[in-house]
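Just below is one structure, and these are the notes that go with it.
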Amino acid sequence: MDFVLPDRRIVGPAGQLLVPGIDEITPRLFMLAEGECGPGGVARAAAKYGYSRQRYYQWLKRFQREGACALQSQKRGPKTNYVRTDEVERQVIRHRFLDPDASVDIIAQKLRQAGFEISTRSVERIIENYGLQKKTLSLPPGL
């Protein structure tokens, strides 16, 4: 049995099976199978699938520890919102309701004085997320 990479299909003696383009797990699993069980070894399998030997061993370690589901790509970046915590959001909303005319700069400054480390941009984002922007009057055209 072989995995034909450009066509994303598994070919065997009795037929073939197409692998959907969104599937990340199957090609990585075949790479590990070829590297561990095939005649070409790790370097050849990694090169065939476009990975370095180092990345191959990272995938192998994850597979051995967690199984095939570990071969799915993980979300990159921070997993939690560590600056805009629930408490900070509550305080921004509180300040907006206490003084609706206060600018985001003033709200951010008050929060920093209260001991919260927050940027003006983060205050803007919180206010936008909750739809608490100041209302602006639009004049009819020609005035």
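The values are calculated or read from the model by the stated rules, or taken from the named source; none is laboratory data. Since the model is a prediction, treat every value here as computed from it, not as a measurement. Every residue, glycine as well, gets a Cβ built from its backbone with ideal geometry; the counts of neighbours run over all protein chains shown. To get the accessible areas, we keep the full protein, side chains included, count just its heavy atoms, and leave off ligands, DNA and RNA. Shrake-Rupley method; radii C 1.70, N 1.55, O 1.52, S 1.80 Å.
Computed over protein heavy atoms with a 1.4 Å probe, the carbon and sulfur contribution to the accessible area of the chain reaches 55%.
At a Förster distance of 41 Å, what's the computed FRET efficiency of Ala102 paired with Ser73, Cβ-Cβ distance as r, to 0.05? So the FRET efficiency works out to roughly 0.45. Here is the size of region 67-143 from its Cα atoms: Rg then Dmax, 18.1, 68 Å.
For region 71-125, chymotrypsin sites (Phe, Trp or Tyr not before Pro) meeting the loop criterion (DSSP other than H, G, I, E, B) and having at most 10 other Cβ atoms within 10 Å: Tyr82.
The label-point distance for Leu132 and Ala43, in a model that sets each label 7 Å from Cα toward Cβ, rounds to 6.1 nm. When you restrict to C-alpha pairs under 8 Å that are six or more residues apart and normalise by the size of the chain, the relative contact order lands at 13 percent. With contacts taken as Cα pairs under 8 Å at a separation of at least 6 residues, region 1-46 carries a relative contact order of 22 percent. Annotation for Val83 and Arg125: the two label points, set 7 Å from Cα along the Cα-Cβ direction, are 0.6 nm apart. Averaged per residue, region 1-123 has 67 square angstrom of accessible surface, using a 1.4 angstrom probe with ligands and nucleic acids left out. Rounded if a/c is under 1.5, else prolate if a/b is larger than b/c, else oblate: which is region 92-131, with a ≥ b ≥ c the root eigenvalues of its Cα gyration tensor? Oblate, because a/c is 1.5 or more while a/b does not exceed b/c.
Does a label point 7 Å from the Cα of Glu117, set along Cα-to-beta-carbon, have any residues of region 79-93 with amide nitrogen under 12 Å, and which are they? Under 12 Å, as judged by backbone N against the label point of Glu117, lie 82-84 of region 79-93.
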